[in-house]
Amino acid sequence: MSSPEQWTHPEPGEAPPATAAAPTKEQVIAGLRATSEGGPDLVQLMTPEGERVHDERFDPWVEDVTADDLRNLYRDMVLVRRADREANALQRQGQLGIWVPLLGQEAAQIGVGRALRQTDMVFPSYREHGVAWCKGIKPQELLGIFRGTDNSSWDSQATRFHPYTIVIGNQVLNAAGYAMGQRFEGKVGDDNGEATVCFFGDGATSQGDVHEGFVWAAVYDAPLVFFCQNNQWAISEPTERQSRLPLYQRARGYGFPGIRVDGNDVLATLAVSRWALHECRFGNGPVLIEAFTYRMDAHTTTDDPTRYRLSDELETWKLKDPIERVRVHLVRHDMADQAFFDQIQADSDELAHELREFCVNMPDPPLESMFQNTYAEPNPALDAQRDEFLAYSAGFEGGER
């Protein structure tokens, strides 16, 4: 039987492999301890108490961050959280079919989002509302997906933000192919190079698509940052039941670097993401980032997290809130006054109002829209189905149903 340390931080040759079908009590405790601490390799530049800590490797990547920049990062996180909370409420009131909360993961998403350049491409899963915000996509533009009125309303080429992907891990293959194209077209090699970032959760690392993406990106030195938001729960399965290794260490099996960052630390996430993107721009990719964070809400609004996790765990992570640590830092170092926080509150109230007004007044899409954008070329069979359906619908009072 492996030791508790082997379960969470094994090194080759240090201990025999685990043989139990289920972890022992000691292994579970070791896994929970690793979950709460993040391990010795965790990159952190700002503690939960708002204290700035230094890291020789990553300090240079944020040395240009000013007080204005920190205030803007704080504003991003507050507004994204408010939009998320409003959308969550809208779903509970029947205005959305489902919603995927990001509560607690704002720093992970804003940190990498603000490290991106306009030329960088993003392949999201379905929770990257904060990254979408950084790419200039309004929260209102996300609602059609969750109301069932469209697949995405933004131009993915103009925004460099691919539509949300619902199939777990599938976006990793798409991202690997896109990044390989960037490499083949010579769009890497200097500071003007392009890069791609692909987002997925800890549970997705058990999907074959993710590992295939790792293989292809590694073999072709694709300029691809694999950004894993480890929020500790793959729906109801904890991370220690997903992997015997810390997730960032999986990269070494494919021959590229992996790094674990405090995903509740927006400054550290910004620094690590800038470094990883720089590596990719110069042709040294790919890179795996594991943002060690926590999902404070349900997996989606169809999930009940009280059935599989303890309230004590939730309360512990509340003390590591990504927004609160920046607020404390700003106040402690006289970087923001009460007028600033009052303005942020007013801005978030206005955003919530605009989001609600937009949602409740969204028009129903025309019936024929479900047949559009299915094939690149005209398809007689699909056209016949469309015409038959529209003729059938016209037979009802009001012309459709």
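Rule-based calculations on the coordinates, nothing more; no lab input. Since the model is a prediction, treat every value here as computed from it, not as a measurement. Virtual Cβ from ideal backbone geometry, glycine too; neighbours counted across all protein chains shown.
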**Asked** Between Lys138 and Ala158, what is the spin-label point distance in nm, taking each point 7 Å from the Cα along the Cα→C-beta axis?
**Response** 1.3 nm
**Asked** Between Asn284 and Thr302, what is the label-to-label distance in nm when each label sits 7 Å out along the Cα-to-Cβ direction?
**Response** 4.3 nm
**Item:** Check: region 279-401 dipole with +1 on Lys, Arg Cβ and -1 on Asp, Glu Cβ, in debye
**Value:** 580 debye
**Request:** For a footprinting-style exposure proxy, rank His129, His329, His353 by other Cβ within 10 Å, fewest first.
**Result:** His353, His329, His129
**Message:** Compute a Gaussian network model of the chain, connecting alpha carbons closer than 10 Å, and tell me which residue from Pro48, Pro380, Pro223 fluctuates the most.
**Reply:** Pro380
**Asked** Dipole of the chain (Lys/Arg Cβ +1, Asp/Glu Cβ -1, origin at the Cα centre): which of Pro40, Ile259, Asn170 lies farthest to the positive side?
**Response** Pro40
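How big is the dipole moment of region 66-127 about its Cα centre under a simple scheme where the beta carbon of each Lys and Arg is +1, that of each Asp and Glu is -1, and everything else is neutral? Debye, nearest 20, please. Don't jump to the answer; show the numbers that get you there.
Details: 9 positive and 7 negative charges, 32 e Å.
So the dipole magnitude of region 66-127 works out to roughly 160 debye.
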**Asked** Counting other C-beta atoms within 10 Å, which of Phe282, Phe227 has the fewest, and how do the rest follow?
**Response** Phe282, Phe227
**Prompt:** For region 364-370, in order, what is each residue's ³J(HN,Hα) by Karplus, 6.51 cos²θ - 1.76 cosθ + 1.60 with θ = phi - 60°, in whole Hz (x at glycine and Pro)?
**Reply:** 6, x, x, 4, 5, 5, 5
**Asked** Taking every DSSP beta bridge that has both residues in the chain, what percent is antiparallel when rounded to the nearest 5?
**Response** 10 percent
**Message:** I need the phi-derived Karplus couplings for region 329-337: 6.51 cos²θ - 1.76 cosθ + 1.60, θ = phi - 60°, integer Hz, Gly and Pro marked x.
**Reply:** 4, 5, 5, 4, 9, 6, 8, 7, 10
**Asked** Once a ≥ b ≥ c are taken as the square roots of the eigenvalues of the Cα gyration tensor of region 128-262, is the result rounded (a/c under 1.5), prolate (a/b larger than b/c) or oblate (a/b not larger than b/c)?
**Response** oblate
**In order through region 70-77: 3J(HN,Hα) via Karplus (6.51 cos²θ - 1.76 cosθ + 1.60), integer Hz, x for Gly, Pro** = 5, 5, 5, 5, 4, 4, 3, 5
**Fill in**
Assertion target for Asp150, Asp364, Asp202, ordered by fewest C-beta neighbours within 10 angstrom first, is Asp364, Asp150, Asp202
**Asked** In straight Cα distance, which aspartates and glutamates are under 13 Å from Lys320, not counting same-chain residues fewer than 8 positions off?
**Response** Glu37, Glu49, Glu51, Glu106, Asp262, Asp265
**Item:** Of all DSSP beta bridges in region 189-246, antiparallel share, percent nearest 5
**Value:** 25 percent
**Fill in**
In terms of the alpha carbon gyration tensor, root eigenvalues a ≥ b ≥ c, rounded if a/c is under 1.5 and otherwise prolate when a/b exceeds b/c or oblate, region 31-111 is oblate
**Item:** Relative contact order %, the chain, counting alpha carbon pairs below 8 Å whose residues are six or more apart
**Value:** 22 percent
**Message:** Of the candidates Thr119, Thr269, Thr196, which one comes out as most mobile in a Gaussian network treatment of the chain with C-alpha springs shorter than 10 Å?
**Reply:** Thr119
**Prompt:** Which angle from 0 to 90°, rounded to the nearest 10, does the C-alpha axis of helix 266-281 make with the longest principal axis of the chain?
**Reply:** 80 degrees
**Message:** For the chain, set up a GNM with springs between Cα atoms under 10 Å and report which of Val219, Val100, Val131 has the largest fluctuation.
**Reply:** Val219
**Asked** Treating the beta-carbon of each Lys and Arg as +1 and of each Asp and Glu as -1, no other charges, what is the dipole magnitude of the chain about its Cα centre, to the nearest 20 debye?
**Response** 560 debye
